[in-house]
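The values are calculated or read from the model by the stated rules, or taken from the named source; none is laboratory data. These figures come from a predicted structure and were not determined experimentally. Here the Cβ positions follow ideal geometry from the backbone for every residue, glycine too, while neighbour counts run over all protein chains shown.
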Amino acid sequence: MATSSFLIFAFLGAVYGSDVIELTDSNFGSRIKTMDLALVEFFAPWCGHCKRLAPEYEQAATTLKKGDPPVSLVKVDCVGEGKDTCSKHGVSGYPTLKVFRNGEVQKDYDGPREAKGIVSTMKKQAGPSSKEVTDAATMEKVLGGFDAVLVGYFTSDGDLKTEFLKSADALREKYRFAHTTDEAVMDAQGHKE
């Protein structure tokens, strides 16, 4: 069954094109920088695990490219025209999947390897990692909707807020984050300068 699924997706990919973006050493650096969020599969064409992943990855790519925001699924052939890129990113086994944000590796992907799981995991990675709160009623909903929320209260945009948002990006899978610069929200929560 897995072989027939692979053949069907391979045929459809050949006829209709693929939603998985294939990059090489010559274009990886410039293209990956243009993608807000991407999941990159570093693969070898002869690898059995890579062949089993291919139809699931293709199906996930088709779903995720239509998302808001869209998520790109990319592949790099580590024994073909992507050898240097794979080496640069420390790839030693196949397939290796990595999450990239704005051209930089954010983390190794260790999530599910079937389409539904890839879509679910990458949707959690998409969009803002911290909810910006602009009114007291919304803050109450945010605080009441989860067991724990890490909230940043900031009097202005600046280095502290930037670092908070970077931390939220890095920890988005483990914690919920919210932030505000609205004085009325801070007053309602009892936070003063």
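Details
- For the range 62-80, taking the residues that are in contact with a helix residue (DSSP H, G or I) (Cβ under 9 Å, 6 or more places away or on another chain) and closer than 22 Å to D169 by Cα, the one that is surrounded by the most Cβ atoms within 10 Å (Cβ to Cβ) is identified as L73.
- Residues satisfying the stated conditions in the range 16-37, i.e. surrounded by fewer than 18 Cβ atoms within 10 Å (Cβ to Cβ), of a type in the set (D, E, K, R) and farther than 16 Å from C78 by Cβ: R31, K33, D36
- Scanning the range 64-109 for residues that are of a type in the set (F, W, Y) and closer than 21 Å to W46 by Cβ gives a single hit, Y94.
- The residues of the range 161-181 that are part of a loop (DSSP other than H, G, I, E, B) and farther than 16 Å from K141 by Cα, listed by number, are R172, E173, K174, Y175, T181.
- Complete set of residues in the range 103-142 that are at pLDDT 90 or above and part of a loop (DSSP other than H, G, I, E, B): G103, Y109, D110, G111, P112, R113, E114, S130, V133, T134, D135
- Verdict on L53 being in a strand (DSSP E or B), at pLDDT 95 or above, in the same structural domain as G111 (by the TED database) and surrounded by 20 or more Cβ atoms within 10 Å (Cβ to Cβ): no
- Qualifying residue in the range 109-117 (condition: under 10 Å from the mean Cα position of the chain (by Cα) and either of a type outside the set (D, E) or surrounded by fewer than 16 Cβ atoms within 10 Å (Cβ to Cβ) (or both)): yes
- Within the range 155-164, considering residues that are touching a residue at least 24 places away in the same chain (Cβ under 8 Å) and surrounded by fewer than 16 Cβ atoms within 10 Å (Cβ to Cβ), the one nearest to the chain's Cα centre (by Cα): D157
- Tally of residues being within 21 Å of the chain's Cα centre (by Cα) and either over 14 Å from M35 (Cα atoms) or among the small types (G, A, S) (or both) across the range 67-81: 4
- Index of the failed condition, R176 passing every other in (1) modelled with pLDDT of 90 or more; (2) crowded, with 16+ Cβ neighbours inside 10 Å; (3) more than 30 Å from P55 (Cβ to Cβ): (1)
- When V149, V91, V133 are checked against the criterion of being under 19 Å from H49 (Cα atoms) and surrounded by 14 or more Cβ atoms within 10 Å (Cβ to Cβ), a single residue qualifies: V91.
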